[in-house]
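Right, one structure below, let's go through it.
The values are calculated or read from the model by the stated rules, or taken from the named source; none is laboratory data. These figures come from a predicted structure and were not determined experimentally. Every residue, glycine among them, receives a Cβ derived from its backbone with ideal geometry; neighbour counts consider all protein chains shown. Accessible surface is based on the protein model in full, side chains and every heavy atom, while ligands, DNA and RNA are left aside. Shrake-Rupley method; radii C 1.70, N 1.55, O 1.52, S 1.80 Å.
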Amino acid sequence: MSIEKINADTQSFLENLVQEKLSISNLIKTLREAEEMLQVDFAKKLNITRQRLCDIEHGRSRISPRMAAEFAKKLGYSEYQFVRLALQDILERDHLSYKIELKEAA
């Protein structure tokens, strides 16, 4: 099974779980809640302030692709989905109707 198929299935599952379109913001919030962690503890894990985490979770603060990759590493997840969602969020917030699909550089 390809990484694109796995990620498409994962995205569909997570969107079903959170009852809205998957974004980097609600992915991070869902992961924190799944781990039953307080914002202050999860923020420490990501090496950011609790307020920044709150802003990220509520879509008030953008996450750069680099920061998304760092969060993925710190949380033990693949960078692919985090970076893709961070880029997709940037496009959507700027009202650009494009879909992000990533491929690893050779």
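Quick notes on this structure:
- Residue ID - nearest to Lys74 (Cα to Cα), chosen from residues in the range 43-53 that are more than 14 Å from the chain's Cα centre (by Cα) and not β-branched (Val, Ile, Thr): Lys45
- Looking across the range 16-33, the residues that are under 14 Å from the mean Cα position of the chain (by Cα) and open to solvent by 40 Å² or more (accessible area, probe 1.4 Å) come down to Glu20, Lys21, Lys29, Glu33.
- Counted residues, the range 42-61 - those being within 15 Å of Thr30 (Cβ to Cβ) and exposed (fewer than 14 other Cβ atoms within 10 Å of the Cβ): 1
- Per-region count, the range 76-106, residues over 11 Å from the mean Cα position of the chain (by Cα) and open to solvent by less than 40 Å² (accessible area, probe 1.4 Å): 2
- Within the range 62-74, being closer than 14 Å to Ile24 by Cα and open to solvent by 20 Å² or more (accessible area, probe 1.4 Å) holds for Arg62, Ser64, Pro65, Arg66, Met67, Glu70.
- Residue pairs whose Cβ atoms lie under 7 Å apart, separated by 6 or more positions or on different chains, with the first residue in the range 33-46 and at pLDDT 95 or above and the second open to solvent by 80 Å² or more (accessible area, probe 1.4 Å) and of a type outside the set (D, E, K, R), are Ala43/Thr49.
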